[in-house]
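S.K.: Here it is, the structure, as structure tokens.
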Amino acid sequence: MPRRPVPPSSTPTGSASLPTSPRHPGVSPAARLFDGVPAFRDALRGVGALHEEPSTEDPDAFLRRLGTLPARQRSAEMLRLVRTQAALVLGHDSDDAVAPDRGFVDLGFDSLTATRLRHRLGAATALQISAATVLGCPTPGSLADHLLELCTAPRTRTRPRLRPRNRE
């Protein structure tokens, strides 16, 4: 059977197409049920964290600024970055929704959102981390500590050796 595109509909879409409740006219039960879920709310509006642009700050500038801070402020700055990026991935407006000691799974992270967080943190810090690292760290605070260790670790060789050494 050949596939055909779905013709445009004249009926309303999104939450307007859902039936309303007799107790709450104009508000559908599904909309009330999912009102606190940012991804659902954004999907109804047609926006969301998928359309968010990564940080515009240069990763090298961030790392230089991080290097000039005292140790305690450095840790707080990395935690701020992790919480802000996690909030953006989850679709929250501020990083207050991401508690530093609450688990990523409890916050609503899965493999897809962990991958999106990994991309955002990689763009902000120029570090190559895996999505398993995000979910392997139990909390945003522990992930921030891990990223800080990676940032402050001595750099190894910047480029691979192209030819083997001549061992004569």
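The values are calculated or read from the model by the stated rules, or taken from the named source; none is laboratory data. Fair warning: this is a prediction, and the values are worked out from it, not measured in the lab. With ideal geometry, Cβ positions are generated from the backbone for all residues, glycine too; neighbour counts draw on all protein chains shown. These accessible areas exclude ligands, DNA and RNA; they are computed on the full protein's heavy atoms, side chains included. Shrake-Rupley method; radii C 1.70, N 1.55, O 1.52, S 1.80 Å.
S.K.: Select from segment 68-79 the residues that are without any contact (Cβ under 8 Å) to a residue 60 or more places away in the chain and either among the small types (G, A, S) or in contact with an Asp or Glu (Cβ under 7 Å, 6 or more places away or on another chain) (or both) and list them in ascending order.
M.R.: Answer for segment 68-79, where residues must be without any contact (Cβ under 8 Å) to a residue 60 or more places away in the chain and either among the small types (G, A, S) or in contact with an Asp or Glu (Cβ under 7 Å, 6 or more places away or on another chain) (or both): L69, A71, A76.
S.K.: Under the condition of being at pLDDT 90 or above and of a type outside the set (D, E, K, R), which residue from segment 138-147 is nearest to V98 (Cα to Cα)?
M.R.: P140
S.K.: Could you say which residue among D101, D60, D106, D96 is assigned to a helix (DSSP H, G or I) and in contact (Cβ under 8 Å) with a residue 12 or more places away in the chain?
M.R.: Exactly one of D101, D60, D106, D96 is assigned to a helix (DSSP H, G or I) and in contact (Cβ under 8 Å) with a residue 12 or more places away in the chain, namely D60.
Quick grid of which residues meet (1) modelled with pLDDT of 90 or more; (2) of a type in the set (D, E, K, R); (3) open to solvent by less than 50 Å² (accessible area, probe 1.4 Å):
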{"residue": "L79", "(1), (2), (3)": "yes, no, yes"}
{"residue": "R120", "(1), (2), (3)": "yes, yes, yes"}
{"residue": "E149", "(1), (2), (3)": "yes, yes, no"}
{"residue": "T158", "(1), (2), (3)": "no, no, no"}
